[in-house]
Structure formats: C-alpha cells, structure tokens
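Let me begin by presenting the structure, written as structure tokens, before commenting on it.
The values are calculated or read from the model by the stated rules, or taken from the named source; none is laboratory data. Remember, it's a predicted structure, so these values are computed and weren't measured experimentally. With ideal geometry, Cβ positions are generated from the backbone for all residues, glycine too; neighbour counts draw on all protein chains shown.
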Amino acid sequence: MSDKPLLSQGADLLTALAPFSWPVVLVGGVYLLRDRLQEIVTIVLRRIESATDIEFGSLRLKGATITLSGEVLKNESGALRLDSALKADVARRDRVYSSRNNLMLVHTIKPVEPARFEENKYRVFGVSVFLHSHRQRGRFNDVKRVTYFLGEHWGNADQDFGAKYVIENGNEQFAMTAEMYGSCLCMAEIELHDGTKIEMDRYLDVEMAPLFGIPLSKARE
C-alpha cells in the first residue's frame, strides 16, 4: 500500500490520465452540443440555398450550385433545369478526350513578387499554362513539343505578328509562365513523337485574383 497522502495519489492519477483526457472531453463536448451543431449546419445550408453567390473570402462562386449526385444546392430564380443526357452526349465527350490523347491544357496564377504594375494600375500575375493528364491516362512521354501562341502583341518588336514559344522539355508538363495582367487567348499546338499534331486553346485569366487579396479592378480592365 502506498504511503503517499490521498491527495497526492489523486494528483498522480490525474497526471497519468491526462494524455487520454482530451479525446474524452472532445467527444463529450460534441455530444452535449449536438443540437447546437445541427442548428449551425442547417443555417449554413439555408444560406447556401438562398444566396445569390457563395462567397469564400472575397472570391464569389457564381450561378447555380450542383453536386455529383445531381442535387441542386442553390438555384437562384430557377435558372437551372436538369435534362437527361443521351448516349450520344457521353460519346461526344469521350471523343474530346480521345482526340487530345487525354491531355488537357490548364493554367494557374500567382501574383508576381515583388509586386509590379502595368499602366501604373494593374497588378502583374505569373500565369502558368501547361498540360494536364486526365486521370493519368495521358502520357507526357508521347509529346515531342508544345508550341504556344498568345497573340501578335507577344514577342520582339521586329516580329510583326508576335512570337510562338516552343517548349520541348516535359519535366514540368511542358509548362510556360507568362507575366501579364488581364486576360488573353492562348493557342497551343501539341506535337507527338509519331508526328500527330493536336490543336488546343485556353483562355488565360486572372479571375482568381481575390484569393490573393487583390480585387479584380486591380487585376484586369
């Protein structure tokens, strides 16, 4: 039998149980507050259903909101209608993937640091455009080169119709980063090693600027 006072033994017991106490407290707290948590979830869902836009910080998600299962979470003024798709719709979509060898053109943006501005107003962004393999079905090793064309304003002064930018290194998914503000249409020609050429395009924009705390009025015209 221990010679320690009862109070001291109690303190030792609490110390021993300390590592296990937080999970118990957490579960107990969730149980006691379950009605309040359910009320909060209900309020959030109602706000989603009634909102014109869903807002994350200063970025607004526009239009009707749907889920993979076909549930409509938000449908302002009944603007969305669900029609049954046809087998031909599935086939047409599959042909797009197939015609592009399951390689898709995508882009991401990030503000240039240190901050730069064009026309003393618009924040300059680095806009990376590159190939993305759809569900890992597209093979970058099949690609020989990607040629990008951003328009006649991109290039040296002696190039009357602009320049075409050729990327032959697939280590970064044939990526190229354009420092720009506003938006532009990017045309891309993907040439495979077997000689096949695939035409793609991507509208490069900075609509995600609010995620970086930059209002759209400072990112584009």
Going through the range 181-221 in order, the residues found to be part of a loop (DSSP other than H, G, I, E, B) and of a type in the set (K, R) are R220
Give the range 190-214 a look and list any residue that's over 22 Å from the mean Cα position of the chain (by Cα), of a type outside the set (A, V, I, L, M, F, W, C) and buried (at least 16 other Cβ atoms within 10 Å of the Cβ), or say none. E191
Residues being touching a residue at least 24 places away in the same chain (Cβ under 8 Å), in a strand (DSSP E or B) and among the hydroxyl-bearing types (S, T, Y): count how many of those fall in the range 69-125. 1
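Scan the range 123-170 residue by residue and report those that are of a type in the set (G, A, S) and touching an Asp or Glu at 6+ places or on another chain (Cβ under 7 Å). Before the answer, list the steps.
Our first condition is that a residue be of a type in the set (G, A, S); within the range 123-170, this holds for 126, 128, 133, 138, 151, 155, 157, 162-163, 170.
Passing the criteria: G126, G162.
Can G162 be described as in a loop (DSSP other than H, G, I, E, B) and either in contact (Cβ under 8 Å) with a residue 60 or more places away in the chain or of a type in the set (V, I, T) (or both)? Before you say what the answer is, go through the steps one by one.
On the way: in a loop (DSSP other than H, G, I, E, B): yes; either in contact (Cβ under 8 Å) with a residue 60 or more places away in the chain or of a type in the set (V, I, T) (or both): no.
In short, no.
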In the set A178, A157, the lone residue that is assigned to a loop (DSSP other than H, G, I, E, B), of a type in the set (G, A, S) and not assigned by TED's automatic domain parsing to the domain that holds L59 is A157
